[in-house]
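Here's the structure, in structure tokens; my notes come after.
The values are calculated or read from the model by the stated rules, or taken from the named source; none is laboratory data. All values derive from a computational prediction rather than experimental measurement. Cβ placement follows ideal geometry from the backbone for every residue including glycine, while neighbour counts extend to all protein chains displayed. Accessible surface is based on the protein model in full, side chains and every heavy atom, while ligands, DNA and RNA are left aside. Shrake-Rupley method; radii C 1.70, N 1.55, O 1.52, S 1.80 Å.
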Amino acid sequence: GKSSAYVNGTPAPMRLLQQIGDLVLDLHGQHEHQALLRPDFQRRVIDAGLDGNLLEVAAAYGRWRRVDERLAALQAERSDTGRQEQWMRDELERLTDIGIEPGLAESLQVEVDQGRHYAQIQESAARALALLEDGEPDARALLAGARHAVDDVADYRPELAEGAELLQQMDALLGEVAHRLRHAMDASFDEQGLRAAEARLMDLHDALRRHQADEDGLMALMGQWEAQLSALDTAAWDEDGLRTELVDAAAAYAKAARALSVARRQAADALVERLRPFLDRLALKGMQVRIDIESGVDEATWTDHGVDAVRFMAASNPGEPFRELAAIASGGEMSRFVLALKGCGALAQAPQVAVFDEVDVGIGGETAWCVGELLAAMGRERQVLVVSHLPQGAACAGQQVSMHKREGERTVTHIEVVDEEARPGEKATRRGGGAGQE
């Protein structure tokens with residue numbers, strides 16, 4: 001049914017309660033030693049005391065991951081804009097070739113019209129020039145005669161003087177007209193230039209229609225694209241810089257990881273050496289222990305705690321092949337192995353409350369005394385609770401609690417604190433094979 005959990009009077013979800021339990025309670029029973037079988041726990045056992053190396057590796061890994069993620073994000077962004085970038089570059093090149101400027105369409109149209117009507121322009125200019133200067137009589141000659149006639153009487157009436165002046169101005173204008181006509185006639189026909197102007201005008205009209213803008217609008221678009229492409233070019237430079245930074249970060253991480261691997265191997269060898277006397281005392285003399293550390297060789301194996309896979313290996317007896325600890329150790333052996341680890345200080349950072357459930361199963365005599373003494377030694381540093389059938393373990397404890405089942409309408413387990421006077425009787429019960437537990 002429903003249940004509620006509280007931590008210091010505050011409601012707490014079950015997951016939080018489990019996390020807190022892992023922090024404050026170290027539980028080891030005949031079937032509750034699974035933590036030691038996990039590779040990550042085995043690695044943490046070896047890593048005790050390697051805080052400096054671990055911090056260096058974690059910092060190097062964090063830097064490498066941050067640079068790698070930034071580079072990946074930049075590459076993804078550039079990939080998303082790749083097609084658009086290429087389109088902008090192509091379109092900008094097309095407009096640049098046209099040479100967009102204000103009033104370009106009008107000036108190109110004039111140039112094209114001049115080329116297309118070259119022959120007509122030449123003919124018309126020649127005919128006009130003949131009428132002005134080369135005819136019989138020509139316009140300028142007639143105008144000169146009229147002016148000469150007026151000049152003779154210009155002093156007698158003001159209107160005639162004004163007329164003479166106007167005739168002189170008209171002659172000057174006709175001279176300018178003749179000059180312009182000759183200039184037009186002197187122009188040569190450039191068929192290649194005409195074709196180029198026609199093509200440029202056609203491209204311009206196509207661009208105006210394609211972008212729904214005039215020349216000023218096209219120039220604004222070109223400026224916008226140039227700014228965007230400049231930003232993308234800067235991103236490309238950033239990518240090159242990030243690649244260089246990533247190489248440096250990877251080298252730093254690899255160096256730190258190698259140093260950690262060396263330190264782990266040294267710590268593993270030292271731990272195996274420290275374990276030996278405790279294993280011997282706990283009736284595990286035949287068990288041979290080895291700690292394998294395999295280092296990854298590619299980035300797929302990189303973590304914030306290095307590149308090593310740590311495995312506790314054991315052989316039941318000398319000469320037998322080494323296998324993983326879980327494959328060769330029974331529950332009782334695993335419990336005693338954990339006790340040996342604790343005895344040699346390998347689990348010094350464990351929680352301050354430890355519970356051992358039948359850690360002494362399958363042993364007796366002197367070995368049971370050794371187990372009891374080790375548990376008692378641990379109890380001087382933190383709270384140790386032991387569930388045991390053996391009198392040796394009970395004798396080493398500072399306090400005993402007896403548990404008995406009583407049957408009636410319901411079977412109820414009673415727990416009673418055993419005082420000093422009752423302790424000998426309870427130990428005798430254990431020695432005689434009583435069913436109770438201490």
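Once you have a ≥ b ≥ c as the square roots of the Cα gyration tensor eigenvalues for the stretch 292-400, tell me rounded if a/c is under 1.5, and otherwise prolate or oblate according to whether a/b is larger than b/c.
Values: a/c = 3.34, a/b = 1.71, b/c = 1.96.
Oblate.
Put a dot 7 Å past each Cα toward the Cβ at THR96 and MET222; how far apart are the dots in nm?
1.0 nm
How much accessible area does VAL7 have with a 1.4 Å probe, in Å² rounded to the nearest 10?
Answer for VAL7: close to 40 Å² accessible.
Can you tally the net charge around LEU173? Count Lys and Arg as +1, Asp and Glu as -1, for every other residue whose Cβ sits under 11 Å from the Cβ of LEU173.
Working: positive: ARG140, ARG180; negative: ASP171, GLU176.
Around LEU173, the surrounding residues sum to 0.
With a 1.4 Å probe and all protein chains left in place, how much accessible area per residue does the chain have, in Å²?
Values: 26400 Å² over 438 residues.
For the chain, the solvent-accessible area averages 60 Å² per residue.
What label, among (i) 59, 55, 42; (ii) 79, 61, 44; (iii) 166, 54, 37, belongs to Cα extents along the principal axes in Å computed from the structure on display?
So the calculated entry is the one marked (iii).
Calculate how many DSSP beta bridges within the chain are antiparallel, expressed in % of all such bridges and rounded to the nearest 5. Mind dumping the intermediate values first?
Working: 21 of 31 bridges.
Expressed as a percentage, antiparallel bridges in the chain total about 70.
Which angle between 0 and 90 degrees, to the nearest 10, do you get for helix 331-343 versus the longest principal axis of the chain when only C-alpha atoms count?
Its long axis makes an angle of about 80 degrees.
In what sequence, largest accessible area first, do TRP225, TRP302 appear using a 1.4 Å probe?
Values: TRP225 15, TRP302 40 Å².
Result of the area sort, largest leading: TRP302, TRP225.
May I ask you to give the percent of accessible area on the stretch 200-335 that is carbon plus sulfur, with a probe radius of 1.4 Å?
Numbers: 3800 of 7150 Å².
The value for the stretch 200-335 is 53 percent carbon and sulfur by accessible area.
For a quick protection proxy, order the peptides 415-426, 393-404 by their average other-Cβ count within 10 Å, most packed first. Mind dumping the intermediate values first?
Details: 415-426: 12.1, 393-404: 17.4.
By packing density, highest mean first, the sequence is 393-404, 415-426.
Ignoring ligands, DNA and RNA, please state the percent of accessible area on the stretch 119-172 from carbon and sulfur, probe 1.4 Å. Could the numbers behind the result be given before it?
Values: 2140 of 3770 Å².
Carbon-and-sulfur percentage of accessible area, whole number: 57.
Determine by what factor the alpha-carbon radius of gyration of the stretch 200-287 differs from 2.2 N^0.38 Å, reporting the quotient.
On the way: Rg = 33.8 Å, N = 88, 2.2 N^0.38 = 12.1 Å.
Working it through for the stretch 200-287, the quotient is 2.80.
So how tilted is helix 82-98 from the main axis of the chain? Cα-based, degrees 0 to 90, rounded to 10.
Rounded to the nearest ten degrees, it is 10.
By the scheme Lys and Arg +1, Asp and Glu -1, what is the net charge of all other residues having a beta-carbon under 14 Å from that of LEU325?
Details: positive: ARG38, ARG43, ARG290, ARG311, ARG323, ARG336; negative: ASP292, GLU320, GLU324, GLU333.
Computed value for this residue: +2.
Pairs of alpha-carbon atoms within less than 8 angstrom and 6+ residues apart define the contacts here; what relative contact order does the chain have, in percent? Can you show the working numbers first?
Numbers: 462 pairs, mean separation 93.1, N = 438.
Relative contact order, the chain: 21 percent.
In degrees from 0 to 90, rounded to the nearest 10, what is the angle of the helix 118-129 Cα long axis to the longest principal axis of the chain?
30 degrees
Over the heavy atoms of LYS285, what accessible area does a 1.4 Å probe trace out, to the nearest 10 Å²?
140 Å²
What list of ³J(HN,Hα) values in whole Hz, one per residue of the stretch 256-268 in order, does the Karplus curve 6.51 cos²θ - 1.76 cosθ + 1.60 (θ = phi - 60°) give from phi, with Gly and Pro shown as x?
For the stretch 256-268, the Karplus-derived couplings read 5, 5, 5, 5, 5, 4, 4, 5, 5, 5, 5, 5, 5 Hz, x marking Gly and Pro.
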